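Working notes for the structure below.
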Amino acid sequence: MQITVIGVAGGTGSGKSTLVKKLQEAFVEKDVITLSHDYYYKQNNDISLEERRKLNYDHPQSFDTDMMIEHVKALKDGVAIERPVYSFVDHNRLKETVRVIPAKVLIVEGILIFENKKLRDLMDIKVFVDTDADIRLARRILRDVRERGRSMESVVGQYIATVKPMHEEFVEPSKKYADVIIPEGGFNSVAVAMLIENIKSVIR
């Protein structure tokens, strides 16, 4: 089975998840699988929860990208994987894993997936979601407070301390590697429709 790997990158709160959801909806469910870079945050069992909260989660070194690369290679070779599960409440990887079966389309999603050349080279189509910083911050606050049990103060503090500087150092420069740049991500219906048709033509 020929597998098409689509990379979807962009800053936090840019609309990546909405874009990925619309791509998934455009294909038969069994034909599309998604691997998020967020699944591959490193395990930090040797430090306390309080110390884990202070870590810089927006730096490339916070991810086990080597494991993700091996998993993408395995899926491209038609081999199922056991991908990790990460808890944003505990700021740590959990013991359980999730089995992922190869499919025609593999979507790789994350803020820093274009930063790593080995991972980048495994992708057939690279999409960067480009959204204004104020919109991204507002979306991140809503998501982290509602879904991850964070306080607004901690979200804003983290954004100023690590998210914004890391975006400027690593995420924004990686935009140059994209084949397609989509303003507003999944909220840009015209660009999404064109991307879906492009993917379908690649699969055919």
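The values are calculated or read from the model by the stated rules, or taken from the named source; none is laboratory data. Keep in mind it's a predicted model, so treat the numbers as computed, not measured. Methodologically, a virtual Cβ is constructed for each residue, glycine included, from the backbone with ideal geometry; neighbour enumeration extends over all protein chains shown. Just the protein is used for accessible areas: all its heavy atoms, side chains included, with ligands, DNA and RNA removed. Shrake-Rupley method; radii C 1.70, N 1.55, O 1.52, S 1.80 Å.
Worth a mention:
- Boolean, residue 61 is polar (S, T, N, Q) and without any contact (Cβ under 8 Å) to a residue 24 or more places away in the chain: yes
- Residue that is out of contact with any Ser or Thr (no Cβ under 9 Å at 6 or more places or on another chain) and open to solvent by less than 60 Å² (accessible area, probe 1.4 Å), where the choices are 161, 191: 191
- Qualifying residue in the range 110-120 (condition: surrounded by 19 or more Cβ atoms within 10 Å (Cβ to Cβ), within 15 Å of residue 34 (Cα to Cα) and of a type in the set (Gly, Ala, Ser)): yes
Here is a yes/no grid of residues against (1) in a loop (DSSP other than H, G, I, E, B); (2) touching a Phe, Trp or Tyr at 6+ places or on another chain (Cβ under 9 Å); (3) of a type in the set (A, V, I, L, M); (4) at positive phi:
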site: 58; (1), (2), (3), (4): yes, yes, no, no
site: 68; (1), (2), (3), (4): no, yes, yes, no
site: 72; (1), (2), (3), (4): no, no, yes, no
site: 75; (1), (2), (3), (4): no, no, yes, no
site: 86; (1), (2), (3), (4): no, yes, no, no
site: 113; (1), (2), (3), (4): yes, no, yes, no
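Yes/no per residue for (1) under 18 Å from the mean Cα position of the chain (by Cα); (2) farther than 22 Å from residue 107 by Cα:
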| position | (1), (2) |
| --- | --- |
| 137 | yes, yes |
| 141 | yes, yes |
| 148 | yes, yes |
| 160 | no, yes |
| 163 | yes, yes |
| 172 | yes, no |
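- Selection within the range 56-80 - at pLDDT below 90 and either buried (at least 16 other Cβ atoms within 10 Å of the Cβ) or more than 25 Å from residue 170 (Cβ to Cβ) (or both): 57, 58
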